[in-house]
1. Hey, among the residues in region 219-245 that are closer than 10 Å to ASN268 by Cβ and surrounded by fewer than 21 Cβ atoms within 10 Å (Cβ to Cβ), which one's modelled with the highest pLDDT?
2. Of all residues in region 51-73, which are surrounded by fewer than 17 Cβ atoms within 10 Å (Cβ to Cβ) and either within 23 Å of the chain's Cα centre (by Cα) or under 23 Å from ASP181 (Cα atoms) (or both)?
3. Looking for something part of a helix (DSSP H, G or I) and of a type in the set (S, T, N, Q) - is there at least one such residue anywhere in region 34-42?
4. Let me spell it out: the conditions are (1) under 29 Å from GLN212 (Cβ atoms); (2) surrounded by fewer than 24 Cβ atoms within 10 Å (Cβ to Cβ); (3) out of contact with any His (no Cβ under 7 Å at 6 or more places or on another chain), and ARG76 meets all of them except one. Which number is the exception?
5. So, in region 101-142, how many residues would count as being without any contact (Cβ under 8 Å) to a residue 60 or more places away in the chain, surrounded by 22 or more Cβ atoms within 10 Å (Cβ to Cβ) and over 22 Å from CYS197 (Cβ atoms)?
6. I'd like to check something: does region 32-50 contain any residue that is of a type in the set (Val, Ile, Thr) and farther than 25 Å from GLY151 by Cα?
7. Within the set of pairs 6 or more residues apart or between chains, which connect a residue that is without any contact (Cβ under 8 Å) to a residue 60 or more places away in the chain and in the same structural domain as PHE21 (by TED's automatic domain parsing) inside region 47-60 to a residue that is polar (S, T, N, Q) and in a helix (DSSP H, G or I) with Cβ atoms less than 8 Å apart?
8. Being modelled with pLDDT of 90 or more and either touching a helix residue (DSSP H, G or I) at 6+ places or on another chain (Cβ under 8 Å) or part of a loop (DSSP other than H, G, I, E, B) (or both): is that true of PHE259 here?
Amino acid sequence: MPHFEKHDIKSLNQKELEDFFVSLGEKPFRARQVYHWMHISHAGSFDEMGNIPQSLKEKLKERCELTVLRQKLAQRSKVDETAKYLFGLPDGNMIESVRMKYKHGNSVCISSQAGCRMGCRFCASTLDGLARNLTPAEMLEQVYRVQEDIGERVSHVVVMGSGEPLDNYDNLLKFLELLSDGNGLHISQRNITVSTCGIVPNMRRLAGEKLQITLAISLHAASQKKREELMPVARKYGLEELLEACGYYFGQTGRRITFEYSLVGKVNDRPQDARQLAGLLKGQNCHVNLIPVNPIKERAYVQPDGQAVKEFRQALEKQGITVTVRREMGRDIDGACGQLRRRQMG
C-alpha cells in the first residue's frame, strides 16, 4: 500500500479543502460537508461525520490527519468561572488554555507554541525553552474543545497563552483566517487579541495584513535598561523602535494598541516607573492594561500591594492615558502562563 504524507486538513480553509478533495477525485460539496463537521460540529473523528460515505471516510483516514486535542486536565476555579485546561498533543507535548467568563461572553486564551524561546523573566512558559510551533488546527482546537466542554459559544479569543504568536507568524495568520471565517466559528476580528513581546519586523508585516484584531504589546517596563532585564527580546528591538512600529501599526489599521504592563512589587511599580511610562506613551493612541503579577516559584517576584497599583493607575490617568487593571482571575488554579503545563511535565 502506498505511503502518503498525511494532510493536516483542519488547517486548510474551505477553498483549499475543496481543491484537495477534487485532487482526490471527490466532489467539492463533500469538502464543504467535511469542513462543517470539523469547524461547526467539532467532530472528534472521521467516523462521527454522519452524512459522509464510508468509502470517503476510509480514504480520509488513509490520507489525512484530523487534529483533535485530548483534554488531560481541567482545573476549575472556585472563586469565579475561570477554567484552565491542559491539552495533550499527538507527539506528547502539552499546551494550556484558559476560559474566562465575562459579562460580554466567554473568552478563551490560547497557546500559539508549545513552550517559548523568548525568555521573559516572570513567565513560566519560557523556563524550558521552545518545544515547537503549533499548527493552525492545534490553535483552533483549543477554542473548539473549550466550547464543547462548557456547552456555550466562545465569543472572544486572546492569543496570549504559552508561546510568542509572532514567532509562529504564518500559522498564526492562517489560524486568524479560519477563526473569523463565516463558514466556521465566525468570531469577529474585533473580538480577537494577539499579544507580542515586540518582534518588530513581524509587527510591521502584521500591520500590512490590515486585520481588525487588537494587537497587545507586552511592555512591562518604561526604560530600555529595565526592559532588557525583564525581557531579553528588548536587546534586539529597543523601546524606540518598538514604539515606532506601534505607531505604524495604528496608522495602517486604525486599531489602537494595548500595552500590557505586569506590575512586579518593588521592581517596576514605583511612582517614578509610572511617571516614566506616562511620558513614554504620551500622544500614543493606546490603552494600558496593568497586571498585578502572579508569583511563580521559580522566580523571586512578588505581587505589588493594592495601594501601589492604585497610585500607578492614577498617575497614568492624570496624563490622559486609558487604563484598566486586569481583574484577578483563576488565582486558585495556577492562573499564570505556563504554570500548569510545567507542573505536569515536571
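The values are calculated or read from the model by the stated rules, or taken from the named source; none is laboratory data. The structure displayed is predicted, hence computed values, not measured ones. All Cβ positions, glycine included, derive from the backbone under ideal geometry; neighbour counts span all protein chains shown.
1. SER223
2. Across region 51-73, the qualifying residues are ASN51, ARG70, GLN71, LYS72, LEU73.
3. No, every residue in region 34-42 fails to be part of a helix (DSSP H, G or I) and of a type in the set (S, T, N, Q).
4. ARG76 satisfies all of (1) under 29 Å from GLN212 (Cβ atoms); (2) surrounded by fewer than 24 Cβ atoms within 10 Å (Cβ to Cβ); (3) out of contact with any His (no Cβ under 7 Å at 6 or more places or on another chain) except (1).
5. Looking only at that region, the number is 0.
6. No: region 32-50 contains no residue that is of a type in the set (Val, Ile, Thr) and farther than 25 Å from GLY151 by Cα.
7. MET49/GLN33; ASN51/GLN33; ILE52/GLN33
8. yes
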